[in-house]
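The next block holds one structure in the form of structure tokens; read it before the comments.
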Amino acid sequence: MQIDVITIFPGLFDTVLKWGVISRAIQNGIIDFKAVDLRDFTADRHRTTDDYPFGGGSGLVMKAEPLFEAVESIRNLAGAAHVVYTSPQGKTFDNEKAKELSKKERLVFICGRYEGVDERVMSVVDEELTIGDVVLSGGEIAVLLMVEAISRFVPGVIGDMDSVINDSFYSSLLDYPHYTRPREFRGMRVPEVLLSGDHERIEVFRRKESLARTMERRPDLFLNHEFDQYDKKAILLLFKELKDCAK
């Protein structure tokens with residue numbers, strides 16, 4: 001996968017190239033990542049990327065010319081690309097969208113700043129995405145989040161794909177609780193079922209915990225979840241535990 005990010009602050013992405021799973025994916029040639037400096041596509045000596053809005057008002061607007069030039073330059077070099085603009089007005093980015101975008105061969109992200117981009121830029125944008133109902137100074141932090149989430153679904157980026165499958169939201173449920181050594185810490189013990197070696201019991205226990213967390217914290221996800229046999233066994237176990245507690 002090729003990922004290009006158009007920004008006026010390419011240095012903000014240096015950490016992506018140096019640390020974590022994305023860094024390893026870049027080193028192994030699985031992901032080709034490039035932070036593109038928008039100022040390289042300006043035509044004046046001040047390298048201007050923004051200007052005052054027509055009609056008046058506060059703030060500045062990112063100019064159309066350099067953004068068009070940057071997107072067209074990438075497309076001329078790499079061919080067809082899926083262009084994403086990060087904006088509070090976009091559709092909410094979530095796990096399903098991350099999986100969908102991970103199947104694209106080439107992604108181009110436009111990082112907005114100030115009051116946003118000249119509306120004419122939207123003619124070269126395929127979709128507008130937001131990370132939630134928040135306003136940031138620019139799109140760079142949002143893009144970092146999206147790239148991290150998307151890259152996890154690219155084959156070869158995560159060594160153990162089971163860890164991705166078991167993550168929260170992958171199956172529309174929140175993740176179950178995790179434990180490691182020691183077995184007991186300050187009076188808190190690891191649930192005995194996890195030490196049993198019985199893989200089916202462990203799976204049912206984990207699914208029960210996952211369902212319970214989702215019901216408590218994200219009932220909207222629970223209501224949309226499609227139940228399989230393990231879910232049904234887990235609900236029976238949860239019902240039995242609740243019944244025992246009521247005695």
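Read the figures in this text as sums done on the coordinates, not as results from a lab. Keep in mind that what you see is a predicted model, and the values were worked out from it rather than measured. Counting neighbours? That spans all protein chains shown, and the Cβs are built from the backbone with ideal geometry, glycine included.
Observations, loosely collected:
- Taking a ≥ b ≥ c as the square roots of the eigenvalues of the Cα gyration tensor, an a/c ratio of 1.5 or more together with a/b larger than b/c marks the stretch 41-177 as prolate.
- Projecting the Cα atoms of Ser23, Leu107, Val147 onto the charge dipole of the stretch 2-159, computed from C-beta unit charges around the Cα centre, puts Ser23 farthest toward the positive end.
- Cleavage-rule hits, chymotrypsin sites (Phe, Trp or Tyr not before Pro), the stretch 32-81, DSSP coil, Cβ neighbours within 10 Å at most 16: Phe54
- Estimated dipole of the chain in Debye, rounded to 20 [Cβ of Lys and Arg +1, of Asp and Glu -1, Cα centre]: 1020 debye
- Cα lying deepest toward the dipole's positive end in the chain, options Val117, Thr180, Ile158, charges on Cβ: Thr180
- Computed from Cα atoms, the angle from the helix 229-246 axis to the main principal axis of the chain rounds to 60 degrees.
- Overall form of the stretch 80-139 per C-alpha gyration tensor (a/c, 1.5; a/b vs b/c): oblate
- Short-range pairs are left out: with C-alpha atoms under 8 Å and at least six residues apart, the relative contact order of the stretch 2-159 is 28 percent.
- Projecting the Cα atoms of Gly11, Val83, Leu238 onto the charge dipole of the chain (Cβ charges, centred on the Cα centre) puts Leu238 farthest toward the positive pole.
- Tensor-based shape of the stretch 166-246 (alpha-carbon gyration tensor, a/c under 1.5 rounded, otherwise prolate or oblate): prolate
- Where GluC sites (Glu not before Pro) in DSSP loops with at most 15 other Cβ within 10 Å are excluded, longest remaining stretch of the chain: 116-225
- For the stretch 217-239 and the stretch 1-68, distance of Cα centres in Å: 43 Å
- Between helix 64-78 and the chain there is an angle of about 70 degrees, using the helix long axis and the longest principal axis of the Cα atoms.
- Rounded tilt (10° steps) of 140-151 against the dominant C-alpha axis of the chain: 50 degrees
- Note that the chain shows a convex hull volume over its alpha carbon atoms of 193 Å³ per residue.
- Applying 1/(1 + (r/R0)^6) with r as the Cβ-Cβ distance of Arg75 and Trp19 and R0 = 45 angstrom yields a FRET efficiency of 0.90.
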